Amino acid sequence: MTENFNTLFIDVKKQREQMNKVMTVFRDFKEETERLSDWLQQADINIKASKTSLLSTIEEKEKAVRDMNDLNKRLIGGKKDFDKYAAMALQMKGTCLESNVNSQ
């Protein structure tokens, strides 16, 4: 009987440790979701602003081209952040939080 209780408590401890790890990853995942969402919204605002602005001088047009090139570089550079984000999501696959991750 004592052995069964010891086994039960060991199993509960393992599950608790696993859940703590998953919750830490999920917390980081949620923060990263918010950060990337804000970043994408800002990029979207910049793109829409460049589409709707009417530029009259060559200097303004050159600046707009430089700004779009800079934005393009930042978008390409952001791929590593999205790769990290995807890796975080994979860590939670098969856990009770998988449905939350899929909805993000």
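The values are calculated or read from the model by the stated rules, or taken from the named source; none is laboratory data. Quick caveat: nothing in here was measured; it's all calculated off a predicted structure. For neighbour counting, all protein chains shown are included, and Cβ atoms are generated from backbone atoms with ideal geometry for every residue, glycine included. Just the protein is used for accessible areas: all its heavy atoms, side chains included, with ligands, DNA and RNA removed. Shrake-Rupley method; radii C 1.70, N 1.55, O 1.52, S 1.80 Å.
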Does Val22 fit the bill of being of a type in the set (Val, Ile, Thr), touching a residue at least 60 places away in the same chain (Cβ under 8 Å) and either open to solvent by less than 100 Å² (accessible area, probe 1.4 Å) or touching a Leu at 6+ places or on another chain (Cβ under 9 Å) (or both)?
yes
Exception for Ala43 within (1) under 31 Å from the mean Cα position of the chain (by Cα); (2) surrounded by fewer than 13 Cβ atoms within 10 Å (Cβ to Cβ); (3) under 23 Å from Val65 (Cβ atoms) falls at (2)
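Here is a check on your reading of the model: is Ser56 out of contact with any His (no Cβ under 9 Å at 6 or more places or on another chain), open to solvent by 80 Å² or more (accessible area, probe 1.4 Å) and polar (S, T, N, Q)? Break it down stepwise before answering.
Values: out of contact with any His (no Cβ under 9 Å at 6 or more places or on another chain): yes; open to solvent by 80 Å² or more (accessible area, probe 1.4 Å): yes; polar (S, T, N, Q): yes.
When the stated conditions are applied, Ser56 passes them.
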Kindly provide the set of residues from region 50-68 that are hydrophobic (A, V, I, L, M, F, W, C) and not in a helix (DSSP H, G or I), ordered by number.
Leu54, Leu55
State whether the residues of region 77-93 include one that is exposed (fewer than 11 other Cβ atoms within 10 Å of the Cβ) and of a type in the set (S, T, N, Q).
no
Are there any pairs, at least 6 apart or on different chains, whose C-beta atoms fall under 9 Å, with the first in region 59-80 and closer than 14 Å to Leu40 by Cβ and the second of a type in the set (Phe, Trp, Tyr) and modelled with pLDDT of 90 or more, and if so, which?
Arg74/Trp39; Gly78/Trp39
